[in-house]
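What follows is a single structure, written as C-alpha cells, with notes after it.
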Amino acid sequence: MKGLDKHQIKTLEQALTARKIQNPLGRVEFFDHISSMIEHEIARGHSFKAALKQVMHAYSDRELDELAGNARDSKAKETYILAKKRANALGIMLGVLTCLWVYMEYVIGNITGVRELGALYGLISEIILVTVLLVGTRRFIRAVPQNISFGALLTYNLRIAIIGALIVFFFMVVYGKFINPNLYGILEIEAPRPDGSMAWIVAGSMSMAVMIQGLIVALLVGAFNRKSRLAKA
C-alpha cells in the first residue's frame, strides 16, 4: 500500500492542527495511525481529499484528542471509541425493536380481538433484549484488547440498555397519548386517567423494566463472557 507523499503529509498535519491537535507530527504513533487509515481508503479507490475528509469526519474533536493524548495507547483507545459507537447503535436497535414489538401487539390485538399476548409478549421482549446484548458483547470482545474486564463488559451492556430504555420511554409517551390512548392490551382497567398522565406512568414503568432487565442480563452476560474469555486466555 502506497504511503502519503510530502504534500499529503503536510495537508494532514494542517487538518489535525485545525482540529486542535498540537504538534501532530511529534505524536508519531498517532500520526502513523491516522495516515494508515487514509492510505487504506486511498487503496480502496478514494482520492486523498475524499479519504482525508472521511477519516476526519469519523472522529469528533474529543475523540481525536483522546487518541492523540497518549500515542502509545492510540490503537487501544480507538477500539474503545469504536466499541462505544457500536453500543450506541445497538442501544438504538434495542429500543426500536422493543417499540416495534409493542406496536405489533397492538396491531395483532386489533386484528384478532385478543387483548394481550400474555407470556408470549414477555418472552419475545426478553429474547430481543438478550439477543441484542449478546451480539453487543461479542462485538465488544472482538474489538477490545485481551485483558478486557468485567466492569468494561457491564458498562458496555448497560449503555445499550440505557439508550434502549430512553427510546422506549419516549415512544410509550407518544404511543399512550396518540396511538393507543386507551392503552388497549396494557392496562387491566378500561378507562385511563382523563388528564393523560397514565401514558407517562406506563412509559416510565416500561422503560424502567427495560433498564432492570438490561442490568440483570448485562450482569449475567458480562460474567459469563468474562469467565469464557479468561478460560481461553
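The values are calculated or read from the model by the stated rules, or taken from the named source; none is laboratory data. Remember, it's a predicted structure, so these values are computed and weren't measured experimentally. Note: ideal-geometry Cβ built from the backbone for every residue, glycine included; neighbour counts use all protein chains shown. Surface areas here come from the heavy atoms of the whole protein model, side chains and all, with no ligands, DNA or RNA. Shrake-Rupley method; radii C 1.70, N 1.55, O 1.52, S 1.80 Å.
Restricting attention to region 177-198, and to residues there that are loosely packed, with under 13 Cβ neighbours inside 10 Å and in a helix (DSSP H, G or I), which single residue is modelled with the highest pLDDT?
For region 177-198, the residue satisfying everything is 178.
Pull out all pairs, ordered by first then second residue, where Cβ-Cβ is under 8 Å, the residues are six or more apart or on different chains, the first lies in region 53-67 and is in contact (Cβ under 8 Å) with a residue 40 or more places away in the chain, and the second is assigned to a helix (DSSP H, G or I) and of a type outside the set (D, E, K, R).
Once the first residue is in contact (Cβ under 8 Å) with a residue 40 or more places away in the chain and sits in region 53-67, its partners that are assigned to a helix (DSSP H, G or I) and of a type outside the set (D, E, K, R) give 56/15; 64/16.
Quick one: how many residues across region 13-24 are surrounded by fewer than 14 Cβ atoms within 10 Å (Cβ to Cβ) and assigned to a helix (DSSP H, G or I)?
Qualifying residue count for the region: 3.
Only one of (1) more than 23 Å from the chain's Cα centre (by Cα); (2) modelled with pLDDT under 85; (3) of a type outside the set (Phe, Trp, Tyr) is not met by residue 104, so which one is it?
(2)
The rows are residues; the columns are (1) hydrophobic (A, V, I, L, M, F, W, C); (2) open to solvent by 80 Å² or more (accessible area, probe 1.4 Å); (3) under 27 Å from residue 86 (Cα atoms).
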site	(1), (2), (3)
8	no, no, no
30	yes, no, yes
42	yes, no, yes
51	yes, no, yes
62	no, yes, yes
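So residue 123 passes all but one of these: (1) surrounded by 17 or more Cβ atoms within 10 Å (Cβ to Cβ); (2) at pLDDT 80 or above. Which condition number does it fail?
Condition not satisfied by residue 123: (1).
Tally up the residues in region 14-28 that are within 31 Å of the chain's Cα centre (by Cα) and within 27 Å of residue 45 (Cβ to Cβ), please.
5
Would you point out which residue out of 202, 174 is at pLDDT 85 or above and either exposed (fewer than 15 other Cβ atoms within 10 Å of the Cβ) or among the aliphatic types (A, V, I, L, M) (or both)?
174
Name the residues in region 155-171 that are at pLDDT below 90 and more than 14 Å from residue 132 (Cα to Cα), would you?
Within region 155-171, 155 is the sole residue that qualifies.
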